[in-house]
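Just so it is clear, none of the values below were taken in a lab; they were calculated from the coordinates. What you see is a predicted model, and the numbers here were worked out from it, not measured in a lab. Here Cβ is always computed from backbone atoms with ideal geometry, including for glycine, and neighbour counts include all displayed protein chains.
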Amino acid sequence: MLSNLAVRDIETLVHPYTNLATHRQNGPLVLESGKGVYVYDSAGKEYIEGMAGLWCTALGYSNQELIETAYEQMKKLPFTHIFGGRSHDPAIELAEKLKEIAPVPISKVFYGASGSDANDTQVKIVWYMNNALGRPQKKKIISRLKGYHGVTVASASLTGLPNNHIDFDLPLPGIMHTSCPHHYRFAEPGESEQDYSSRLAAELEEMILREGPDTVAAFIAEPVMGAGGAITPPEGYFEKINAVLAKYDILFISDEVITGFGRTGKMFGTETYGMNADTISLAKQITSAYFPLSAVMMNEKVYEVLVDQSRKIGTFGHGNTYAGHPVGCAVAVKTLEIYQREKIVDHVNKVAPAFLRRLDKLAEHPLVGEARGVGLIGGAELVKDKQTKASFEAKNGVAAKAVAYALEEGFITRAMGDRLAFCPPLVISEAEIEEMFNRCERALDKTL
Ligand code: PLP
């Protein structure tokens, strides 16, 4: 029996990333409040938010400091744009802090409002830059199958998932995808992680040579693949990718929209995996999701080209109204202050062993083929046969079934194909981690 709110939802909303047909029967989960790592629905039922919202509520719910910071900034200056040389204190302070903690040398910061628009900016900068450098043929961008980079026309093209392309007439020409680096699923029998990484790097090099190195401008990757299945890279992967990109003068874009700010056990995933990134996309945990904000951090080499182009043609014609929103920037400054004061990275490293131990234990479950993670992010792949790794047919919906049972048990997770994701708020305690996995195991027992 659907609640009154659920009925009104069905009558009025088109939900993002939702099966719109089944939603008409099932209705929504209506959440009402949250505290710490818990959220509560409109009937008062408690859930552990095992996805930190959408990989973003790092400091959990009801953080009074963030709420007060937003309130104070709204009272003082709820809005100013930063077009045409206008600026404000929180935008400047945030950029300074980001430069200070960046995992690679960063020269400047460009703001947006979502992870998607940050990656759109990345694409436009790559194109603009190569025109400015007098090499208009060097425009192709290589992404990866199962990579996730957003939903705008360009960022959805970078995304390597079928549902983001089918019937949307995407990807755009000039954006191509190399293999997904998932050792469990795609390595040859007996192939070591290092050998598998070498094979993937060789495949990338072949793609570059086939296309022509003078036509390939950039490569984009998430340190840990998120929406593609919470997939950690195999050993040696980024080291080998770095070498290929350097050889052909290809820009490396690190998409840290979910891995930024402590998720992988270092402040940035770029650092965890030694990625030689030229530019980095940030969003989500930059404000612990208390306000929509994104940022592109770029090195001096990229910035210099942009400035030089302004000397020639004038205005850098890109940026949206809410770029550098003062409330978002103030909340982000406070968020970073809390991460540093509360030593969030140390906390992640303190509780990660419990998280990873429970993931290992989950891999013993008859339904789970692989469970693997880093820091406080992990994925578990549900399989029909653990020996052969035979997967459930995509339409079988086993992961969706597990997600529904998890909800019954008071645990929010997310199905990505046949994989379940684990990405709790970074402030989660060891006891809460144990409880989260207890609830997950009960849900999987019901799914069997
Ligand atoms: N990049 C990555 C790695 C993401 O995980 C996401 C969203 O989950 C995005 C980009 C897009 O961000 P948004 O949904 O804020 O547009």
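Here are the numbers:
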{"item": "Residue among Phe110, Gly410, Ala371 farthest towards the positive dipole end of the chain, charges placed on Cβ", "result": "Phe110"}
{"item": "For the chain, share of DSSP beta bridges that run antiparallel, in % to the nearest 5", "result": "65 percent"}
{"item": "Of the DSSP H helices in the chain, those whose Cα atoms cover at least 24 Å axially and whose Kyte score averages 0.0 or more", "result": "344-362"}
{"item": "For the stretch 68-341, fraction of C-alpha pairs farther apart than 27 Å, in %", "result": "38 percent"}
{"item": "Gap separating the Cα centres of the stretch 364-436 and the stretch 26-100, nearest whole Å", "result": "26 Å"}
{"item": "Computed FRET value (nearest 0.05) for His81 with Leu29, which takes r as the C-beta separation and R₀ as 41 Å", "result": "0.70"}
{"item": "Sorted by Cβ neighbour density within 10 Å, fewest at the top, the residues Met1, Met51", "result": "Met1, Met51"}
{"item": "Value at 222 nm in deg cm²/dmol, rounded to 500, when DSSP H runs of n ≥ 4 in the chain each add -39,500 (n - 2.57)", "result": "-13000 deg cm²/dmol"}
{"item": "Taking Val374, Val30 and counting other C-beta atoms within 10 Å, the order from fewest to most", "result": "Val30, Val374"}
{"item": "Shape category assigned to the stretch 1-88 from the gyration tensor of Cα positions, a/c cut at 1.5", "result": "prolate"}
{"item": "GluC sites (Glu not before Pro) within the stretch 365-400, DSSP loop, no more than 15 other Cβ atoms inside 10 Å", "result": "Glu393"}
{"item": "Normalised contact order of the chain, rounded percent, pairs of Cα under 8 Å and 6 or more residues apart", "result": "20 percent"}
{"item": "Check: the chain dipole with +1 on Lys, Arg Cβ and -1 on Asp, Glu Cβ, in debye", "result": "620 debye"}
{"item": "Inter-label distance for Glu93 and Asn438, nm, one decimal - labels placed 7 Å from Cα along Cα-to-Cβ", "result": "4.2 nm"}
{"item": "Gap separating the Cα centres of the stretch 129-161 and the stretch 238-306, nearest whole Å", "result": "15 Å"}
